[in-house]
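Each reported figure results from applying straightforward, stated rules to the coordinates on display, with no laboratory input. All values reported here derive from a predicted model rather than from experimental measurement. Please note: Cβ atoms are built from the backbone with ideal geometry, for glycine as well, and neighbour counts cover all protein chains shown.
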Amino acid sequence: MGSDEEILESIGRLREERKAVILAHNYQRPEIQDIADYVGDSLGLARQASSVDAEVIVFCGVHFMAETSAIVNPGKMTLLPEPAAGCPLADTITPEGLITLKKLHPRAVVVTYVNSTAAVKAESDYCCTSGNAVEVVRAIDAPEIIFTPDKNLGRYVQRVTGRELIIWEGCCPIHDDITAPMVMELKRLHPAALVVAHPECREEVLELADEVASTSGMFKVIENAVTDEIIVLTEAGMGYPLGKRFPARRLYFPREEPLCPNMKLITLEKVERSLRDLAPMVTVAEDIRLNALLAVERMLEIG
Ligand code: 13P
């Protein structure tokens, strides 16, 4: 194993040789964000993946994000440097489970959060992300809407849009672990702080927030904030990109340690190995891909 400098030098050389771009989610380790061509939320990453001018996409995120890249851009090679980087929220729903629910509601339109497998997206009419779930549901004219798999995001969308949704009972364990007493304690310690929350947080937590935003949406909220103190209710890894962009602001998280273990599985060594070996590659069977693509494209058309 080489030193960090050697690894960085090798990544720099290989990314040129392979005509590769490196895309990274906002929760990635700082050293991964620092080498990425683009860092963003699921929506921004999906947009980048669909439009990048490169032969290889090294996707530094979790499996469903790399799968989305393979769905929207099958002509490029999508690499996930650590194939075990999964998402417990995506694991809460299977295509079979969704098919059973659809049979109970044959007239329903299905909106599926991007944190899901390609096979579940393929059974859905629309995809959505935390950045556009409200707009996607507002754009749908249907007697019934099934919303999967995140119950917290579903309840938030239901409250904002006033639409009655049939909601799958999944959740992200990291966001669902943030409780109202934790937030109240932070507010007691920092009474002047603005509170911004990710919509995967519980309903009672979102009620305590001033703003609800996707990870990238949080940048805009903080940019416009009139106070320097911000309570940020999401995975503490967000402290890195937010702190880099807003060095003068004081950011407070419910937990200090970054907590999404899957997001932290990707390391510089694994990125280098991926670029060198052009593996592990993420692919989606063509029949599933085409159906999932319809759901993703409908989303991208809306917002
Ligand atoms: P964003 O799309 O807001 O980055 O959220 C992704 C995610 O998985 C949050 O847990």
Test result for Ser51, surrounded by 21 or more Cβ atoms within 10 Å (Cβ to Cβ) and of a type in the set (Gly, Ala, Ser): no
Filtering segment 17-35 down to residues that are over 16 Å from the mean Cα position of the chain (by Cα) and of a type in the set (Gly, Ala, Ser) yields Ala20
Taking the stated definitions as given, is Asp91 assigned to a loop (DSSP other than H, G, I, E, B), away from the ligand (no atom under 11 Å from the Cβ), farther than 17 Å from Leu265 by Cα and out of contact with any helix residue (DSSP H, G or I) (no Cβ under 9 Å at 6 or more places or on another chain)?
no
**Asked** Could we say that Gly86 is more than 28 Å from Leu259 (Cα to Cα) and small (Gly, Ala, Ser) here?
**Response** no
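Matching residues to (1) buried (at least 20 other Cβ atoms within 10 Å of the Cβ); (2) over 22 Å from Cys171 (Cα atoms):
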| position | (1), (2) |
| --- | --- |
| Pro191 | no, yes |
| Val196 | yes, no |
| Glu200 | yes, no |
| Val205 | yes, no |
| Glu211 | no, no |
| Ser216 | yes, no |
| Lys220 | no, yes |
| Val226 | no, yes |
| Glu229 | no, yes |
Conditions (1) in contact with a strand residue (DSSP E or B) (Cβ under 9 Å, 6 or more places away or on another chain); (2) among the polar types (S, T, N, Q); (3) away from the ligand (no atom under 12 Å from the Cβ) -> Thr68 fails only (3)
For segment 93-109, check the following and say yes or no: at least one residue is under 18 Å from Val282 (Cα atoms) and of a type outside the set (A, V, I, L, M, F, W, C). no
**Request:** Could you tell me whether segment 36-47 includes any residue that is within 25 Å of Leu242 (Cα to Cα), in contact with an Asp or Glu (Cβ under 7 Å, 6 or more places away or on another chain) and surrounded by 15 or more Cβ atoms within 10 Å (Cβ to Cβ)?
**Result:** no
Going through segment 85-136 in order, the residues found to be without any contact (Cβ under 8 Å) to a residue 60 or more places away in the chain, under 15 Å from Ala292 (Cα atoms) and of a type in the set (Ser, Thr, Tyr) are Thr94, Tyr113, Ser116, Thr117
For segment 123-134, the count of residues that are surrounded by fewer than 23 Cβ atoms within 10 Å (Cβ to Cβ) and away from the ligand (no atom under 14 Å from the Cβ) equals 1
Determine whether segment 109-122 contains at least one residue that is aliphatic (A, V, I, L, M) and more than 21 Å from Ala46 (Cβ to Cβ).
no
Condition set buried (at least 16 other Cβ atoms within 10 Å of the Cβ) and of a type in the set (A, V, I, L, M), scope segment 167-181, selection nearest to Arg107 (Cα to Cα): answer is Ile167
Ala85 meets each of (1) part of a helix (DSSP H, G or I); (2) crowded, with 20+ Cβ neighbours inside 10 Å with one exception, condition (1)
Of the listed residues (Arg249, Arg255, Arg289, Arg273), the one being surrounded by fewer than 15 Cβ atoms within 10 Å (Cβ to Cβ), farther than 19 Å from Ser130 by Cα and basic (Lys, Arg) is Arg255
Just one listed residue, out of Ala192, Ala209, is part of a loop (DSSP other than H, G, I, E, B) and away from the ligand (no atom under 16 Å from the Cβ), and it is Ala192
